[in-house]
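The values are calculated or read from the model by the stated rules, or taken from the named source; none is laboratory data. Predicted model only: the values in this text are computed from it and were never measured. Methodologically, a virtual Cβ is constructed for each residue, glycine included, from the backbone with ideal geometry; neighbour enumeration extends over all protein chains shown.
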């Protein structure tokens, strides 16, 4: 599924928003697509089940990027919570309002 969506995003140059996923499923998608330098993934939403937006990056930015961990953020402007797979030189901005006034949150994994 992840690779298929990445191919669609590359062809159309338009982002795709996936259905709500649990943390484990989101992690699989983020790490699966992290190997593609021209694709970026951002989690959007609140609560346990969030959606992933798959975005096509520019050519120049793709060449400079390196995979890094996923972090949770909260926007100080609109109070939106989101996750972001942070790469080197990633500009961190809220996917809802595009504000750069964001704060990194402590991420916890659910225990079952």
Out of 32, 43, sole residue that is modelled with pLDDT of 90 or more, in a helix (DSSP H, G or I) and either touching a helix residue (DSSP H, G or I) at 6+ places or on another chain (Cβ under 7 Å) or at positive phi (or both): 32
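Mind checking which residues of the range 1-19 are more than 15 Å from residue 95 (Cβ to Cβ) and either surrounded by fewer than 17 Cβ atoms within 10 Å (Cβ to Cβ) or modelled with pLDDT of 95 or more (or both)?
The answer is 1, 3, 4, 7, 8, 10, 11, 12, 13, 19.
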Conditions (1) under 16 Å from the mean Cα position of the chain (by Cα); (2) modelled with pLDDT under 85; number of the one not met by residue 75: (2)
Subset tally (residues that are touching a strand residue (DSSP E or B) at 6+ places or on another chain (Cβ under 7 Å), more than 27 Å from residue 35 (Cβ to Cβ) and at pLDDT below 70) for the range 80-112: 0
